[in-house]
1. Dipole magnitude of the chain about its Cα centre, charges +1 at Lys/Arg Cβ and -1 at Asp/Glu Cβ only, in debye to the nearest 20?
2. Just want to confirm a number: the relative contact order over the chain, from Cα pairs under 8 angstrom separated by 6+ residues, in percent.
3. In square angstrom, what is the accessible area per residue of the chain with a 1.4 angstrom probe?
4. Ignoring everything except DSSP H segments at least 4 long, calculate the 222 nm mean residue ellipticity for the chain; use -39,500 (n - 2.57) per segment, divide by total residues, nearest 500.
5. Restricting to lysine pairs 8 or more places apart or on different chains, what number in the chain have Cα atoms under 26 Å apart?
6. Of all accessible surface on the chain at a 1.4 Å probe, what whole percent is carbon and sulfur?
7. PRE reach from residue 27 (point 7 Å along Cα→Cβ): which of segment 38-74 fall under 15 Å by backbone N?
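The values are calculated or read from the model by the stated rules, or taken from the named source; none is laboratory data. It should be emphasised that the depicted structure is a prediction, and the values quoted were computed from it without experimental measurement. A quick note on method: Cβ atoms are made from the backbone with ideal geometry, for glycine too, and the neighbour counts reach across all protein chains shown. Ligands, DNA and RNA are stripped out before the accessible areas are found, and what is left, the full protein with its side chains, is counted by its heavy atoms. Shrake-Rupley method; radii C 1.70, N 1.55, O 1.52, S 1.80 Å.
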Amino acid sequence: MPKDIRLLPLTIRQWYIGDGSLIYPKNSRPYILLCTKGFNISDVKFLIKKLIKLKFKATRELYQNRIHISTNSTEQFLKYIGNCPVE
C-alpha cells in the first residue's frame with residue numbers, strides 16, 4: 001500500500017464501485033462496506049485513519065477485515081464520492 005495514497009472522491013468512488021456495498025439491514029439504517037479482505041491489517045488500519053481524517057466514521061470488521069462506514073456517515077460518504085457513472 002503506497003503511504004502517499006490520496007483518498008480523493010474519484011479514488012474512493014472507483015473503490016466503492018469495484019469492491020464496496022451499500023447494505024440495507026432489516027430494521028436498521030443502511031451502511032457501507034468496503035472490501036479489504038486481501039489487504040493486511042496494518043494497511044486496513046492505515047486506510048481507516050485516512051477515512052477518519054475525511055470525517056467519516058469508519059471501523060474495521062475484525063472477522064472479515066473489511067471497512068465499515070457507519071450509518072451516520074453513509075450519506076456524507078455518498079455525497080463525497082459523487083454520482084455513480086453507471087447505473
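1. On the way: 15 positive and 6 negative charges, 70 e Å.
For this selection, approximately 340 debye.
2. Working: 101 pairs, mean separation 25.6, N = 87.
That works out to 29 percent.
3. Numbers: 5830 Å² over 87 residues.
Per residue, the chain has 67 Å² of solvent-accessible surface.
4. On the way: 3 runs with 35 residues, N = 87.
Taking each H run of at least 4 residues, the total per residue is -12500 deg cm²/dmol.
5. Going through the chain pair by pair, I get 28.
6. Values: 3170 of 5830 Å².
Carbon and sulfur: 54 percent of the exposed surface of the chain.
7. none
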